[in-house]
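The values are calculated or read from the model by the stated rules, or taken from the named source; none is laboratory data. All of these numbers come straight from a predicted model, not from anything done at the bench. Reconstructed Cβ throughout: ideal geometry from the backbone, glycine too, with neighbour counts over all protein chains shown. Side chains are part of the model used for accessible areas, which takes the heavy atoms of the whole protein and leaves out ligands, DNA and RNA. Shrake-Rupley method; radii C 1.70, N 1.55, O 1.52, S 1.80 Å.
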Amino acid sequence: MRAVIYYRGVLSSCNYDCPYCPFSKTVDSRETLAKDKEQLHTFVAWVREQEGAGHQLSLFFNPYGEALVHRWYREAMVELSHLPHVEKVAVQTNLSAKLDWTEQLNRDKAAFWATYHPGQTKEQHFVGQCLKLRDNGLAVSVGTVGMKQAFNAIKSMRAALPEDIYLWVNAFKDKPRYYNEEEIASLRSVDPLFEYNLRDYDSLGKSCKAGSSVFYVHGSGRVKRCYKDRHVIGHLYRDGLEGLAAERPCRMKQCGCFIGYIHMDNSPFESLYGSSMLERIPAGYRMQPLAAAP
């Protein structure tokens, strides 16, 4: 079967202290880091074995903390990107780590969901990191949270990035009616798809690929149909994809998270993003070809 797997281990440590994030400046113990490493190795070994079962997999690492400062995530991405039955391996990252290792990636399969946090990194440095990925032929999108105090930084980042790197804005939804119409229009000028994220989607009882061909896996192997739904539907290493896959209508009243609502059936997102849905790059919005070497 063809499946999408989101993976999140026990890692929660991050080198940033964003005020809106509950995991800012968290420091994991040695024991926790060792456990995260062991869990990831187990997951990679399981993925490796799926070639014999005929599965085609797209993988997305979205830990609570920053993954790429840890060697085991970098090594996992490199290996997975070269497996014939892995169609894509993507990661959510703040791009604070060195990127020389990315030259080892299969550029046709690896992708980066890069989050920009104004006040946590210098604009020039972050843009430079994005350009390293782009110039190495790797798919990258840039995302940020649409906090009002960050509006100027967001616009400045859009101006600093080359046009062929998409910048998307996550709507801040902790406060109702947070934006006025002028602010919405301003953010739409940066991210033409902003309003798709601004709303929440009625989902209770509706059909979704979550739980049938999209799975949310925790480091221990526990699987949920969706991170927002606490119900565990099985265990990856015990049940396998065949034992997990089943039609499961949504149990939540609404879905407001991008990595959830993009998988709802009868939604516009497959046509909007095509094969680049995991890395959040709209269909047709492609990087320019690399210039020929002198």
Please verify whether region 3-14 includes one or more residues that are modelled with pLDDT of 95 or more, touching an Asp or Glu at 6+ places or on another chain (Cβ under 9 Å), within 15 Å of residue 217 (Cα to Cα) and assigned to a helix (DSSP H, G or I).
no
Failed item, numbered, when residue 270 is tested on (1) out of contact with any Lys or Arg (no Cβ under 8 Å at 6 or more places or on another chain); (2) open to solvent by 50 Å² or more (accessible area, probe 1.4 Å); (3) modelled with pLDDT of 95 or more:
(3)
Are any residues in region 51-66 crowded, with 23+ Cβ neighbours inside 10 Å and at pLDDT 95 or above, and if so, which ones?
59, 61
Output yes when any residue across region 188-195 is over 20 Å from residue 141 (Cβ atoms) and either in contact (Cβ under 8 Å) with a residue 60 or more places away in the chain or surrounded by fewer than 17 Cβ atoms within 10 Å (Cβ to Cβ) (or both), and no when none is.
no
For region 185-203, state whether one or more residues are part of a strand (DSSP E or B), in contact with a helix residue (DSSP H, G or I) (Cβ under 8 Å, 6 or more places away or on another chain) and under 30 Å from residue 32 (Cβ atoms).
no
Filtering region 173-187 down to residues that are open to solvent by 90 Å² or more (accessible area, probe 1.4 Å) and among the acidic types (Asp, Glu) yields 174, 181, 182
Please list, ordered by first then second residue, the pairs with beta carbon atoms under 7 Å, 6 or more apart or interchain, first in region 169-184 and touching a residue at least 40 places away in the same chain (Cβ under 8 Å) and closer than 20 Å to residue 142 by Cα, second surrounded by fewer than 14 Cβ atoms within 10 Å (Cβ to Cβ) and small (Gly, Ala, Ser).
none
Can you list the strands (runs of 3 or more DSSP E) found entirely within region 205-271 that contain at least 1 residues being of a type in the set (Lys, Arg) and either over 28 Å from residue 143 (Cα atoms) or in contact (Cβ under 8 Å) with a residue 40 or more places away in the chain (or both)?
222-224
